Amino acid sequence: MAPAGAKKGILERLDAGEVVIGDGGFVFALEKRGYVKAGPWTPEAAAEHPEAVRQLHREFLRAGSNVMQTFTFYASDDKLVNRGNTQRFTGQQINEAACDLAREVANEGDALVAGGVSQTPSYLSCKSEDDVKAIFKKQMDVFIQKNVDFLIAEYFEHVEEAEWAVQVLKSSGKPVAATMCIGPDGDLNGVSPGDCAVRLVKAGAQIVGINCHFDPETCVKAVKMMKAGVEKAGLKAHYMCQPLAYHTPDCNRQGFIDLPEFPFGLEPRILSRWDMQKYAREAYNAGIHYIGGCCGFEPYHVRALAEELATERGLLPVGSEKHGSWGSGLEMHTKPWVRARARRDYWETLKPASGRPLCPSMSTPDSWGVTKGHADLMQQKEATSQEQLKVLFDKANKGH
């Protein structure tokens, strides 16, 4: 039990059957706000523009988030300098700044701090297990120094690398969560979600699940498969889900990064707040109690999760002060036809139009079909050359 006045830890909350609301997608949100560069997607903003990162943390906290994830996605040294990316700050400085910001805001409410590591260019380039684990350990050392509440290995396309990350994080003695960016088809080597989850639990993860790459419906389905695999193996775990805020019914195994709209034309696919309430309910009914979001998730999306599960959680988020349940705030609108929309059955059954008469409802993914070990995925410190780009352009134009 936590001492009087202390916050309950992540496992204590989940063991008690509580719902834990995660946060949203910092990388995409801050890219749209002008603080992250699309392409490298690295989190130097934690050191360069702490005020922007702090504000986004606060908005997610106000929306109901119980976890402030450190903005350390892709903050490994090899990723920070991949393909000509240059930094004014070291990886350690970025990780330390991110931890301080997350803790500062978490202390403003009932939130925990989670330190996160992600997949590495070194693994894609077939570096050794020791080399890859050393990268994770360097990040973890900062998290231990800053005394985060628990650790997350997130955004892994290959279960082998995720296992290595969990094994390193487990050595900290802190609770460990592990999420893979896979769908029902499994990881990029074809390992099923159920088998991935079993391997992660055996590696030491107490919480397993899915994040990114797919929409909520797909991710919940994949987590259900994980849960079935873990239970069949006679193991125990808690489950989490942090999907995209984009509809992805047309995605293949690689997820939304194969869509031609990625990353600058995804807006027509954004889920509404009502879609998010449906996701929260479906996840909860599936036995998933850590429910959050990833790329595309804004604070209003997280607020929708918290509002849908307000009865189960015993409270509404502070942000609901400015949001009427199921559109009830529209009762105060000046126009009568808008006041007529102040009801659940209107918003729950609405089929939103895109306003794009010549656009298709779905796309054809690129489907290059390459993964770890393929020459196209070998990473480099040097900037991508014009010659290298020409090869890629030609390949794309010829349909690979």
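The values are calculated or read from the model by the stated rules, or taken from the named source; none is laboratory data. Here the structure is a predicted model, which is why all the values come from computation and not from measurement. Don't worry about glycine lacking a Cβ; one is built from the backbone with ideal geometry, like all the others, and counts go over all protein chains shown. Note: areas computed on protein heavy atoms with side chains; ligands, DNA, RNA excluded. Shrake-Rupley method; radii C 1.70, N 1.55, O 1.52, S 1.80 Å.
Filter region 269-320 down to the residues that are over 24 Å from Gly109 (Cα atoms) and of a type in the set (Phe, Trp, Tyr) and list them by number.
If the condition is that a residue be over 24 Å from Gly109 (Cα atoms) and of a type in the set (Phe, Trp, Tyr), then Trp274, Tyr279 are the ones that fit.
Out of Trp337, Trp326, which single residue is surrounded by 13 or more Cβ atoms within 10 Å (Cβ to Cβ) and either part of a helix (DSSP H, G or I) or hydroxyl-bearing (Ser, Thr, Tyr) (or both)?
Values: Trp337 fails: surrounded by 13 or more Cβ atoms within 10 Å (Cβ to Cβ).
The match here is Trp326.
Which of the numbered conditions does Lys133 fail, given that it passes all the others? Conditions: (1) out of contact with any strand residue (DSSP E or B) (no Cβ under 9 Å at 6 or more places or on another chain); (2) in a helix (DSSP H, G or I); (3) closer than 19 Å to Val53 by Cα; (4) of a type in the set (Lys, Arg).
(3)
Can you work out which of the residues in region 341-390 that are loosely packed, with under 12 Cβ neighbours inside 10 Å and β-branched (Val, Ile, Thr) is nearest to Asp275 (Cα to Cα)?
Going through the qualifying residues, I end up with Thr349.
Looking at (1) over 13 Å from Cys219 (Cα atoms); (2) among the aromatic types (Phe, Trp, Tyr); (3) within 15 Å of the chain's Cα centre (by Cα), which is the only condition Phe262 fails?
That leaves (3) as the condition not met.
Kindly provide the set of residues from region 265-313 that are surrounded by fewer than 21 Cβ atoms within 10 Å (Cβ to Cβ), under 23 Å from Ala178 (Cβ atoms) and of a type in the set (Ser, Thr, Tyr), ordered by number.
Tyr284, the sole residue that qualifies.
Only one of these is in a loop (DSSP other than H, G, I, E, B), open to solvent by 30 Å² or more (accessible area, probe 1.4 Å) and β-branched (Val, Ile, Thr): Thr86, Thr42. Name it. Lay out the reasoning, then the answer.
Details: Thr42 fails: open to solvent by 30 Å² or more (accessible area, probe 1.4 Å).
So the residue among Thr86, Thr42 that is in a loop (DSSP other than H, G, I, E, B), open to solvent by 30 Å² or more (accessible area, probe 1.4 Å) and β-branched (Val, Ile, Thr) is Thr86.
Condition first: open to solvent by 40 Å² or more (accessible area, probe 1.4 Å) and assigned to a loop (DSSP other than H, G, I, E, B). Now tell me which residues in region 253-264 satisfy that. Spell out how you get there, then give the answer.
Just the residues of region 253-264 that are open to solvent by 40 Å² or more (accessible area, probe 1.4 Å), to begin with: 253, 257, 260-262, 264.
Hits for region 253-264 are Arg253, Pro260, Glu261, Phe262, Phe264.
Take Glu154 and tell me if it is among the charged types (D, E, K, R) and open to solvent by 50 Å² or more (accessible area, probe 1.4 Å).
It is false that Glu154 is among the charged types (D, E, K, R) and open to solvent by 50 Å² or more (accessible area, probe 1.4 Å).
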